[in-house]
Amino acid sequence: MTTMAKARILVTRHLPNEVENRLTRDFSTELNPDDRAMSGAEIAERAKNFDGLLITSMDRCRKDLIDALPASIRMIATFSVGTDHIDILAAKAKGIAVSNTPDVLTDATADVALLLMLGAARGAVWGDKMVRDNKWGPPSPTYPLGLDVSGRRLGIIGMGRIGQAVAIRAQAFNMILHYHNRRKVDAASEHGATFHARLDDMLPNCDFLSINCASTAETRDLINEKTIGRLPNGAIIVNTARGEIVDDEALISALKSGKLAAAGLDVFKGEPNIDPRYRELDNVFMLPHLGSATKNTRIAMGMRAVDNLEAFFKGERPRDLLTGA
Ligand code: DGY
């Protein structure tokens, strides 16, 4: 009886132990226990001895890297739902399969969207600072005050899985829901939200705006001076999608002028090297890209990536294949 050789997988970052144990058992794997970030050139060089890559959203997999990959690489599984870091067309052109990890991080990410809305509206940054800096003076009925979340109007950009999970949570806050999406979703998936085919038509109805769309060439800087200008004065923007969707200059200037009351940001352009001006604003509630960062979610993401690799190397169609016909 012959035993099939295990597929060889290069894993670019340190993953939860449960995931690495399974990888080690089922594949011939090179792990990265020190979680050292590798350059594209290093990934291409190391990939020479492998059949597949398990990468993360921190690994830029642009055309130049894909072109530099050896012919042995047949699949790239990313440990993320977002795929803006991968040139999928270049991979497809080279016959490399690509998969992502949808579904398993929907709840965790939607939870953070609500955390950002509440934190931004209720002054989590200045409130926490006041207590820490021992500046909590005698209580006053009029100072300090935040803004209500309950009963206000929420606009969701991108009514995919995460946008819908945000809508479900916002219903518990009696929010009045609106959404903008490339197309109207079926009635059950709207969760009572009103569809706007044009973003410009939705914006004047948003006390809160939650960004939940994919980062693509079309959505780059979608939130800019013009779109922010259409929001009601004192609106709040939260972003759990990608920093590339927001024009930082426009957002910072609206937060400084008071056009926007606050923002809640989990993602940033160029993260972790964010625009330093955000750090000076106490009306911005910021997190370091924690949307999917719970233990269970990260394990589930890893297992989903491994499921995809396993299916592919068994000759089956991976469930989350992005390069299919
Ligand atoms: C994702 O899965 O896309 C999250 O943003 C983590 O990168």
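Annotation: the antiparallel percentage among DSSP beta bridges lying fully within the chain is about 5. If you wrap the tightest convex hull around every Cα atom of the range 56-95 and split its volume per residue, you get 64 Å³.
Karplus-derived 3J(HN,Hα) values for the range 148-156, using 6.51 cos²θ - 1.76 cosθ + 1.60 with θ = phi - 60°, are 5, 9, 4, x, 8, 8, 10, x, 10 Hz; glycine and proline are entered as x.
The ellipsoid equivalent to the alpha-carbon distribution of the chain has semi-axes of 39, 21, 18 angstrom, derived from the gyration tensor eigenvalues as √(5λ) and listed largest first. For the chain, the 222 nm mean residue ellipticity estimated from helices alone, with every DSSP H stretch of n ≥ 4 adding -39500 (n - 2.57) and the total spread over all residues, rounds to -9500 deg cm²/dmol.
Restriction of the trypsin sites (Lys or Arg not before Pro) in the range 169-259 to DSSP coil positions whose beta-carbon has at most 16 other beta-carbons within 10 angstrom yields Arg182, Arg183, Lys184, Arg198, Arg220, Arg230. The mean sequence distance of close C-alpha pairs (under 8 Å, at least 6 residues apart), as a share of the length of the range 61-197, puts its relative contact order at 18 percent.
Short to long, the 10 Å bins of the Cα pair-distance histogram for the range 37-194 hold 9, 26, 20, 21, 16, 6, 1 percent of all pairs. I need the shape label for the range 190-325. Rule: rounded when a/c is under 1.5, else prolate if a/b > b/c, else oblate, with a, b, c from the alpha carbon gyration tensor. Prolate shape, in that a/c is at least 1.5 and a/b is the bigger ratio. Between the range 82-154 and the range 246-325, the C-alpha centres lie 9 angstrom from each other.
Remark: for residue pairs Lys226/Lys256; Lys63/Lys94; Lys63/Lys92; Lys6/Lys295; Lys94/Lys269; Lys94/Lys314, the C-alpha separation exceeds 18 Å in Lys6/Lys295; Lys94/Lys269; Lys94/Lys314. With semi-axes defined as the square roots of five times the eigenvalues of the C-alpha gyration tensor, the equivalent ellipsoid of the range 106-286 measures 26, 19, 15 Å, largest first.
Taken together, the values in this text are just the output of simple stated rules run on the coordinates, not laboratory data. For clarity, every value in this text was computed on a predicted model and none was experimentally measured. Here the Cβ is made from the backbone with ideal geometry for all residues, glycine too, and neighbour counts use every protein chain on show.
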